[in-house]
Each structure stands twice: as C-alpha cells, then as structure tokens.
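*Asks:* I have a structure I would like to understand better, so I am pasting it below and will then ask my questions one at a time.
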Amino acid sequence: MKSKFSVKIIVVLAVLLFSLFYTLPSTSIWEHAFGVILPAEQRAVPQRLLEFSSGDDGASALIKFQVDRMAEIFHLAKNPARPEDVLNNVVDAARKAFVDMGIEARVFNHDYAGGSVSLRVAGKTKEEVQSLLDTARLYSKLPLAITSIFPRSKITLGLDLKGGIDLVYQVDLDSIQENDSVTDAVNRSVEIIRNRIDMFGIAEPSIKAQDGNRIRIQLPGVKDPERVRQLIQNTAMLQFHMVIDQALTAEQLEPISAENEIVLMQPASSRQQAIWFKLVRKPEVTGRDLKFARASFDEMGAPIVHLEFNAEGAARFAQVTGSHIGEQLAIVLDNKIHSAPAIQSRITGGVAQITGGFALEEAQNLAIVLRAGALPASLIALESRVVGPTLGQESIKAGWSAGIIGTLLVLLFMAFFYKFCGILADLAVLFNTLIIFAVLVFFGGTLTLPGIAGLILTVGMAVDANVIIFERIKEELRSGKTVRSAIDAGFDRAFSCIIDSNLTTLLTVVILYMLGSGPIRGFATTLGIGLIANVFTAIVCVKLVLDLYSKGEQARTLSI
C-alpha cells in the first residue's frame with residue numbers, strides 16, 4: 001500500500017475515533033453499559049455495599065446506601081466531595097428511577113455520621129427491589145475503569161429542547177460594600193451562584209456575567225422554578241448576636257444606642273407571634289467561620305439546619321458560649337432572627353443548629369446557600385422566562401422527526417441514483433453528523449432547536465458536494481477515461497467548486513455567529529462545524545475509499 005494511502009487512513013481513523021470517543025457518553029449505549037449514576041459516585045457509594053431488607057410494616061422493602069470513605073472523590077486535592085452530598089445524589093437518582101417506574105419510594109433515616117441513607121420502596125419485596133434496581137441501570141455492568149479514558153462531558157441540550165428557566169438579575173449597586181468594585185461583586189456573585197446551583201444538583205447550568213452589572217442564568221430541566229429563584233436570591237448573611245432585651249413590639253424595648261445596638265424581629269410562626277429583640281450590634285460569630293451546613297432533623301423529627309464551624313470559628317463559638325451562660329444568643333440570617341436560644345453551657349466542637357419551623361425544602365435550601373457562602377450584594381430580578389418541559393419534548397420530537405425523515409430521504413436518493421458511490425456518500429453524511437456532535441461536546445457547545453435546523457441543512461450541503469464530484473466523474477467516464485483517471489479528474493475539477501461554495505457559506509456563518517446571539521449562534525455553530533466536516537468527508541474520506549477501490553488499475557467499472 002502506498003504511503004499516501006497510509007497517511008490518509010491514519011487521519012480518517014483518528015477523526016473517527018475522536019468522534020466516537022466524545023459522542024459515546026451522550027448515547028443510551030453509555031447508560032446501558034456504565035449506568036445512570038456518575039462513575040465517581042458509583043465508586044463512592046458502590047453497589048457491593050447496598051443492603052436490602054424487608055420493611056417493618058411488611059408491605060415495603062428497604063435499600064440502605066452506604067459510603068466508601070476511601071473513595072477517591074473524597075480525597076481530591078481540590079474541592080473534595082462530602083459524603084452527605086454524594087449520598088443524597090445517589091439516593092435521589094434511585095428514588096427518581098423507582099418513581100419513573102410508577103413505584104412509590106421515599107428517602108428516610110439520614111445517618112450521615114454513619115455514612116448511610118435508606119430508601120423505602122412501597123409494595124415490593126427485597127428480591128423484587130433488587131431486580132428493579134438492576135432494571136433501572138443505575139450501576140455499571142462493565143468495569144468502571146473503562147470510563148476513565150472517556151471525557152466526562154456530554155451533549156448539552158438548550159432550554160428550548162430540555163425545558164427550564166431563563167433568569168436575568170442585576171447586582172444592586174447600592175448594596176455593594178465600599179471596598180468592592182462592581183466587576184468584583186458581579187464575578188463573585190456568579191461564582192457563588194454557580195456553587196449553589198451545583199449543590200442543588202442542576203445539570204448543565206449556564207451562568208454568565210453580562211454587560212454592566214447583569215447576570216444571566218439558564219437552568220435546563222428545572223421543575224421547581226420558584227425554589228431555584230429563592231435559592232439564587234438569598235444573600236445568606238449569617239451572624240450570631242448576643243441578646244440584650246426582647247419584647248412583643250419594638251416600642252416596648254428600651255432606647256438603643258445606635259453605635260452599639262440594633263433591633264431586629266423574629267417573624268411570627270404557627271407556634272408563636274412575632275418578637276422584637278435588641279441585640280449587640282457587633283456579631284460574635286459570622287458565616288465566614290462556617291465550615292459546613294446540612295439539613296437534618298431534631299429529636300421530634302422537625303427539619304433543622306446543622307452547622308459546623310472551622311477551627312477559628314469553633315474556638316470563638318466556645319469562648320462566647322462559655323462567657324455568656326444563661327444569656328440568649330440570636331441566630332440572624334439576612335437581618336431576620338430565626339431563633340434566640342438560651343446558652344445552657346459552653347459549646348465546644350464548633351457545632352450549632354438553626355431551628356425555626358422549617359419545611360424540609362426550606363432547610364435544604366438554607367443549608368445550600370450557607371455552604372456556598374453569602375452573596376457580596378443583593379440581586380434585583382429583571383427577567384424570568386419559564387420554558388415548559390412539554391414544549392421541550394415537542395421540540396425534540398418535531399426536530400428529530402424532521403431530521404430523520406429528511407436524512408433518510410436524502411440517503412435513499414443517493415443510494416438509488418449513484419449506487420455504490422451513493423452508499424459511500426451516505427456513510428460520509430453519517431460520519432459528518434458524528435463529527436458535529438463530537439466537536440459540540442469537545443468545545444462545550446449547546447444543541448438547540450435552531451442548531452438541529454443547522455444540522456439538517458448540513459446534511460443537504462454534505463450530499464451536494466458528493467453530487468458535484470460524482471457528476472464530474474460520470475462525465476470523465478463518458479469521455480472514455482479509465483476508472484482511476486476518471487476519479488482523479490473528477491475530484492480535481494470539483495475541488496475548486498466545493499471549496500468556493502463552502503467557503504462563501506462559512507463566511508456567512510461567521511458573520512451570523514459574531515453578530516447574532518442565542519438561537520442564531522446555535523444555528524451558526526452546527527452549520528459551521530458541518531461545513532468544515534463536509535469538506536473533510538467529501539474530499540478526503542470518499543476520495544480515499546475510491547482510490548483504494550481503483551488502485552493498481554484493477555477496477556474496470558465503477559458503480560455510479
């Protein structure tokens with residue numbers, strides 16, 4: 001085999017492997033082979049540690065998920081995961097899988113200290129639950145070591161395909177501290193919002209700073225927009241103040257010293273009316289000393305927020321509680337008092353609790369925003385747009401139906417009209433599509449409905465190049481040239497035409513991408529990638545196969 005063929009074969013195989021490498025994790029094949037749960041989380045909560053048992057009521061089964069604390073995800077040098085977060089992610093994935101099957105499943109018995117969380121599955125025996133868990137494809141059927149060679153990224157679907165919310169906020173300039181710049185406040189807000197969203201478990205968020213002091217947040221797949229809005233806008237300024245006095249109204253409090261004291265209210269609840277407190281202005285401990293926060297339950301089963309302080313905060317907390325035994329310590333969040341318990345004894349270990357009649361979701365949200373940190377400034381909501389998941393499903397169905405029908409018609413036409421060469425063109429079109437998906441994953445692009453339109457248009461552009469080439473080859477064959485000479489002459493004469501047509505279209509695509517935004521860019525992205533891939537598949541791949549077919553003057557005829 002000639003060396004020029006060897007080089008081309010290596011290049012084509014390299015591009016094919018690259019395309020398969022980046023596209024495979026986005027296919028259903030991946031979930032069937034390696035499970036729905038992320039590989040790192042499967043190692044942290046392995047299937048071998050699952051325990052199945054019958055429920056006390058005799059009408060349910062229990063699955064106990066346990067953490068392997070030696071897993072790599074807990075010992076990373078940068079941003080190690082917490083067992084509580086990983087446990088919640090895995091158990092929630094299992095719960096959703098059972099719910100999708102029409103089976104009631106509820107999470108209970110959060111034993112974070114022991115590294116376990118249980119799931120109660122109603123109306124099933126433990127044997128049935130084991131079988132259903134395998135059906136749900138949560139865990140890998142192949143060695144997880146294989147996944148380490150593949151990228152973690154997948155094809156990202158836009159809001160118009162997956163549904164979700166599109167939010168635009170503006171940083172309140174009046175709430176920025178004097179030593180902060182607007183740019184710094186916006187950038188820190190973006191980072192903190194991203195941390196909160198990551199902890200909430202929303203996949204593939206888009207959080208970007210825009211011109212001036214605006215922040216745009218796009219969250220695909222969100223089913224509870226109001227909860228997400230509260231999660232984002234909560235500034236989460238946590239402080240602990242010593243209580244000086246309290247009364248049912250602010251007027252009943254003794255006059256305050258503006259320099260050293262403040263007056264704040266504890267809002268009314270179903271169990272008590274509103275109470276006003278006079279506090280020492282300077283906080284004893286703040287949220288900056290916080291190490292971790294999580295939602296938990298008290299002895300009565302009511303949701304609370306469990307706090308853990310870092311070494312400095314724990315020492316300060318122990319000193320404050322030790323020197324103020326018998327006095328009240330108010331827990332203040334965003335200038336509202338959640339509770340003001342009396343200090344019974346010196347509290348060591350840096351552990352505290354926030355109570356206040358929370359619903360479970362409220363406690364979970366509060367724990368998330370406290371872990372992520374306080375926003376440097378308040379946010380003003382400017383725009384909120386909800387894209388329903390039904391619209392997303394319809395868009396996906398309509399888009400893919402149009403794409404599949406159009407592609408099949410084109411492929412059938414090429415195979416019928418150009419026979420063997422038409423089949424080569426069909427394979428080139430499929431290769432072209434594979435390259436587009438791989439490049440989108442590689443660069444972190446988002447596939448939108450206009451992007452699908454660009455993909456469909458690319459299919460037509462791809463066969464157009466092959467039609468030009470094949471017609472040139474047919475002309476050369478009719479003039480009496482050999483198959484090998486006709487192929488060479490056909491590609492040579494078609495080359496300039498293909499380059500010109502694709503280059504002029506590519507220039508238009510560049511202009512659309514530079515001047516457009518959102519859906520326009522999605523269309524330009526897929527079309528631009530497809531045009532470049534089109535030149536490669538038509539000029540290199542199809543030419544290589546035809547050269548191999550006709551090498552050595554062995555081929556006397558060509559099915560075209």
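*Asks:* If the Cβ limit is 8 Å and pairs must be 6+ apart or interchain, which residue in the stretch 132-158 that is over 27 Å from Phe443 (Cα atoms) pairs with which residue that is basic (Lys, Arg) and modelled with pLDDT of 80 or more?
*Replies:* Between residues of the stretch 132-158 that are over 27 Å from Phe443 (Cα atoms) and residues that are basic (Lys, Arg) and modelled with pLDDT of 80 or more, the close pairs are Leu132/Lys124.
*Asks:* Can you say whether Arg472 is more than 35 Å from the chain's Cα centre (by Cα) and free of Cβ contacts under 8 Å to residues at least 60 places away in the same chain, as far as the supplied structure shows?
*Replies:* Yes.
*Asks:* Give, as residue ranges, the strands (runs of 3 or more DSSP E) completely inside the stretch 171-281 that count at least 2 residues that are small (Gly, Ala, Ser) and modelled with pLDDT of 75 or more.
*Replies:* Numbers: elements: 206-209, 214-220, 238-247, 261-266, 275-280.
Fully inside the stretch 171-281 and qualifying: 206-209.
*Asks:* Does the stretch 75-128 hold any residues that are in a loop (DSSP other than H, G, I, E, B) and loosely packed, with under 13 Cβ neighbours inside 10 Å, and which are they?
*Replies:* Those that are in a loop (DSSP other than H, G, I, E, B) and loosely packed, with under 13 Cβ neighbours inside 10 Å: His75, Leu76, Ala77, Lys78, Asn79, Pro80, Met101, Gly102, Ala113, Gly114, Gly123.
*Asks:* Give the residue, chosen from Glu284, Glu327, that is surrounded by 16 or more Cβ atoms within 10 Å (Cβ to Cβ) and among the acidic types (Asp, Glu).
*Replies:* Testing whether each residue is surrounded by 16 or more Cβ atoms within 10 Å (Cβ to Cβ) and among the acidic types (Asp, Glu) leaves just Glu284.
*Asks:* Still on this structure, please answer the following. What residue, among those in the stretch 493-532 that are free of Cβ contacts under 8 Å to residues at least 12 places away in the same chain and among the hydrophobic types (A, V, I, L, M, F, W, C), is farthest from Thr446 (Cα to Cα)?
*Replies:* Leu503
*Asks:* A follow-up question, please. Mind checking whether some residue in the stretch 497-508 is within 28 Å of Thr557 (Cβ to Cβ) and in a helix (DSSP H, G or I)?
*Replies:* Yes, the stretch 497-508 contains a residue that is within 28 Å of Thr557 (Cβ to Cβ) and in a helix (DSSP H, G or I).
*Asks:* If you don't mind, another one. Name, by its number, the condition in (1) part of a helix (DSSP H, G or I); (2) out of contact with any Lys or Arg (no Cβ under 8 Å at 6 or more places or on another chain); (3) over 18 Å from Val429 (Cα atoms); (4) touching a residue at least 60 places away in the same chain (Cβ under 8 Å) that does not hold for Ser485.
*Replies:* Going through (1) part of a helix (DSSP H, G or I); (2) out of contact with any Lys or Arg (no Cβ under 8 Å at 6 or more places or on another chain); (3) over 18 Å from Val429 (Cα atoms); (4) touching a residue at least 60 places away in the same chain (Cβ under 8 Å) one by one, Ser485 breaks only (4).
One line per residue, one yes/no per condition, for (1) part of a helix (DSSP H, G or I); (2) at pLDDT 85 or above; (3) under 30 Å from Ile176 (Cβ atoms); (4) in the same structural domain as Thr458 (by TED's automatic domain parsing):
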{"position": "Leu375", "(1), (2), (3), (4)": "no, no, yes, no"}
{"position": "Glu383", "(1), (2), (3), (4)": "no, no, yes, no"}
{"position": "Lys397", "(1), (2), (3), (4)": "yes, no, no, yes"}
{"position": "Ile404", "(1), (2), (3), (4)": "yes, no, no, yes"}
{"position": "Val410", "(1), (2), (3), (4)": "yes, no, no, yes"}
{"position": "Phe416", "(1), (2), (3), (4)": "yes, yes, no, yes"}
{"position": "Lys419", "(1), (2), (3), (4)": "yes, yes, no, yes"}
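*Asks:* Considering only the stretch 320-338, state which residues are in contact (Cβ under 8 Å) with a residue 24 or more places away in the chain and not β-branched (Val, Ile, Thr).
*Replies:* Once the filter is applied, which keeps residues that are in contact (Cβ under 8 Å) with a residue 24 or more places away in the chain and not β-branched (Val, Ile, Thr), the stretch 320-338 yields Gly322, His324, Glu327, Gln328, Leu329, Ala330, Leu333, Asp334, Asn335, Lys336, His338.
*Asks:* In addition: Please work out which one of (1) assigned to a loop (DSSP other than H, G, I, E, B); (2) touching a residue at least 24 places away in the same chain (Cβ under 8 Å); (3) under 16 Å from Ser116 (Cβ atoms) is the condition Phe65 fails and give its number.
*Replies:* The single condition Phe65 does not satisfy is (1).
*Asks:* Now, a different point. Taking the stretch 430-448, which residues are under 19 Å from the mean Cα position of the chain (by Cα) and in a helix (DSSP H, G or I)?
*Replies:* Answer for the stretch 430-448, where residues must be under 19 Å from the mean Cα position of the chain (by Cα) and in a helix (DSSP H, G or I): Phe437, Ala438, Val439, Leu440, Val441, Phe442.
The values are calculated or read from the model by the stated rules, or taken from the named source; none is laboratory data. Not measured: the values here are computed from a predicted model. Note that we place each Cβ from the backbone using ideal geometry, even for glycine, and neighbour counts take in every protein chain shown.
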